[in-house]
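What follows is a set of notes on a single structure, which appears directly below.
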Amino acid sequence: MTDTSASLESLYPLDRQRLPAHVAIIMDGNGRWAQRRGLSRVRGHAAGAESVRAVVRQARKIGISYLTLYAFSEENWQRPSTEIRALMALLTRYLHRELKEMQDNRIAFRAIGNLSRLPVEVQRELAKTEAATAEGTEMVLTLALSYGARSEIVAAARALAREVEAGRLRPEDIDQARFARHLFTVDLPDPDLLIRTSGEFRLSNFLLWQSAYTELYFTPTLWPDFREEEFVKAVWEYQQRDRRFGLTQEQIRQTGIANPRR
Ligand code: IPE
Ligand code: IPE
Ligand code: MG
């Protein structure tokens, strides 16, 4: 184990002062991974769960504060019911199996998305895991489940409209900060780095509002093959980027605003 960490560190030396605070991942390619091996899609999802475990560990080890994983989109409800059932079973098993490790590593678990659509047993397991890890101070692990960014934005607009209707809010008092407080991600900083696996170059309805200035990283690696080394490589690659937020390089140097640690 120590050998692997040492070689990883020399392959991709990370600057601990400039780590991305929040890394988000679109975990894609489980089906193709399985198909290439003549296995069922479900076997691909099971292998993907091992990548989740590896990446969570690695993120915690490096010192990432927030890790957000897109596990199931609102659109994914249209998949065959057998696949959905298998995914839900895998999720429940994962939460059960990883609880102790999350607690030992002081990881706080959270779930975001339209959770009421999930089977009640899954909702119960999610709530249980959140409560049992609430004391976690080292990393926030957020799972996006039954999540869709457009629905999230519409729900925020609706909530604000209700406040206006009730006379508690004036339309001119709606600004970006107030809007963002109605999103699922209210307690999270915007992602600094967003990774998508499997060679697709799209966001598939993930964190559309929050990723306005996020650095995007695409890799052809399928999610079940995305493990510690690929994760460190993505963070390293992020550290080679120049973030400017619409400013000039000069301004960035003066203000230090591009320091992703903020
Ligand atoms: C990602 O893998 C997992 C989920 C969307 C639940 P896919 O199941 O989308 O795998 P591909 O894209 O078909 O290979
Ligand atoms: C995005 O993957 C959703 C998750 C990884 C959970 P999809 O496989 O659903 O996305 P598309 O259909 O390729 O855009
Ligand atoms: Mg896919």
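The values are calculated or read from the model by the stated rules, or taken from the named source; none is laboratory data. Only a predicted model underlies this, so the values are computations on that prediction, with no experimental measurement involved. Please note: Cβ atoms are built from the backbone with ideal geometry, for glycine as well, and neighbour counts cover all protein chains shown.
Observations, loosely collected:
- Condition check for ARG168: exposed (fewer than 15 other Cβ atoms within 10 Å of the Cβ), assigned to a helix (DSSP H, G or I) and more than 13 Å from the chain's Cα centre (by Cα): no
- Residues satisfying the stated conditions in segment 1-49, i.e. away from ligand 2 (no atom under 16 Å from the Cβ) and hydrophobic (A, V, I, L, M, F, W, C): MET1, ALA6, LEU8, LEU11, LEU14, LEU19, ALA21, LEU39
- Out of VAL56, VAL52, one residue alone is out of contact with any Asp or Glu (no Cβ under 8 Å at 6 or more places or on another chain) and within 15 Å of THR142 (Cα to Cα). It is VAL52.
- Against the test of being among the aliphatic types (A, V, I, L, M) and more than 16 Å from ligand 3 (Cβ to nearest atom), the options ALA71, ALA89 yield a single qualifying residue, ALA89.
- Among residues of segment 192-244, those that are among the hydroxyl-bearing types (Ser, Thr, Tyr) and either away from ligand 1 (no atom under 13 Å from the Cβ) or more than 24 Å from ALA49 (Cα to Cα) (or both), counted: 6
- Unique match (being under 27 Å from ALA149 (Cβ atoms), of a type in the set (Asp, Glu) and either crowded, with 17+ Cβ neighbours inside 10 Å or free of Cβ contacts under 8 Å to residues at least 12 places away in the same chain (or both)) among GLU75, GLU98: GLU98
- Which numbered condition GLU215 fails, given (1) farther than 30 Å from ALA34 by Cα; (2) surrounded by 13 or more Cβ atoms within 10 Å (Cβ to Cβ): (1)
- The residue pairs whose first member lies in segment 8-34 and is polar (S, T, N, Q), whose second member is within 12 Å of ligand 2 (Cβ to nearest atom) and at pLDDT 95 or above, and whose beta carbons are closer than 7 Å, counting only pairs six or more residues apart or on different chains, are ASN30/ARG41; ASN30/GLY44; ASN30/HIS45; ASN30/GLY48; ASN30/TRP223.
Here is a yes/no grid of residues against (1) in a loop (DSSP other than H, G, I, E, B); (2) more than 16 Å from the chain's Cα centre (by Cα); (3) closer than 30 Å to THR137 by Cβ; (4) within 16 Å of ligand 3 (Cβ to nearest atom):
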position	(1), (2), (3), (4)
VAL154	no, yes, no, no
LEU203	yes, no, no, yes
LEU207	yes, no, yes, no
GLN251	no, yes, no, no
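Okay, residues lined up against (1) at pLDDT 95 or above; (2) in a loop (DSSP other than H, G, I, E, B); (3) farther than 30 Å from ARG18 by Cβ; (4) more than 16 Å from ligand 3 (Cβ to nearest atom):
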{"position": "ALA127", "(1), (2), (3), (4)": "yes, no, yes, yes"}
{"position": "VAL140", "(1), (2), (3), (4)": "yes, no, no, yes"}
{"position": "ALA157", "(1), (2), (3), (4)": "yes, no, yes, yes"}
{"position": "ILE195", "(1), (2), (3), (4)": "yes, no, no, no"}
{"position": "GLY199", "(1), (2), (3), (4)": "yes, yes, no, no"}
{"position": "SER211", "(1), (2), (3), (4)": "yes, yes, no, yes"}
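- Residue satisfying condition, being surrounded by fewer than 20 Cβ atoms within 10 Å (Cβ to Cβ) and in contact with a helix residue (DSSP H, G or I) (Cβ under 8 Å, 6 or more places away or on another chain), within set GLN176, GLN103: GLN103
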